[in-house]
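Chemist: Please find one structure pasted underneath; my questions will follow.
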Amino acid sequence: MEPWLMWLIAAATLAIAEVFTLTAALGLLAAAASVTAAAAALGLPAPWQLLLFAAVATLCVLFLRPFALRRLSPHQEKRFGVEALVGKPAYVVSEVSALGGRVRIGGEEWTARPYDDTLVIPPGATADVVEISGSTAFVYPRE
């Protein structure tokens, strides 16, 4: 069997495997095998074919794969409204307990309750916003 045909079979096998894995690595290896098949068809000796495949595969995986993954990965959706406040720091204005309290989040005062009902957060402390329900921020004190 001709070497170029073996490289094409390897490229096709890698391309089919890429369809099932979606890692972008096998597809790039298939491209490297295709380049090597073209070089083998032009008469490149076998040791040079292996070297060419290794070089093209390395370059593709190191430089093209990160670009491909950025293009294929879903982008983080931006949070708007009260969802954007989750994870932000909150300055405790008045004591926050299971009965209630007040915090300042990004310049606005909110009604607050601790995320853990057994906690009492003193005024002046900083807490993290864990959840917003209606007009109440559920906060957890920073350690």
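The values are calculated or read from the model by the stated rules, or taken from the named source; none is laboratory data. Remember, it's a predicted structure, so these values are computed and weren't measured experimentally. Reconstructed Cβ throughout: ideal geometry from the backbone, glycine too, with neighbour counts over all protein chains shown. All accessible areas refer to the heavy atoms of the entire protein, side chains included, with ligands and DNA or RNA removed. Shrake-Rupley method; radii C 1.70, N 1.55, O 1.52, S 1.80 Å.
Chemist: Considering only segment 128-138, state which residues are more than 10 Å from residue 88 (Cβ to Cβ) and over 26 Å from the mean Cα position of the chain (by Cα).
Modeler: Matches in segment 128-138: 133, 134, 135, 136, 138.
Chemist: Can I ask one more? Pull out all pairs, ordered by first then second residue, where Cβ-Cβ is under 8 Å, the residues are six or more apart or on different chains, the first lies in segment 109-133 and is at negative phi, and the second is among the charged types (D, E, K, R) and assigned to a loop (DSSP other than H, G, I, E, B).
Modeler: Partner pairs satisfying both residue conditions: 125/142; 126/142; 127/142; 128/88; 128/142; 129/88.
Chemist: Conditions first: (1) of a type outside the set (A, V, I, L, M); (2) open to solvent by 100 Å² or more (accessible area, probe 1.4 Å); (3) modelled with pLDDT of 90 or more. Residue 79 passes all but one, so which condition is the exception?
Modeler: (3)
Chemist: Quickly run through segment 45-64 and pick out the residues that are within 20 Å of the chain's Cα centre (by Cα) and either within 30 Å of residue 136 (Cα to Cα) or open to solvent by less than 70 Å² (accessible area, probe 1.4 Å) (or both).
Modeler: Within segment 45-64, 61 is the sole residue that qualifies.
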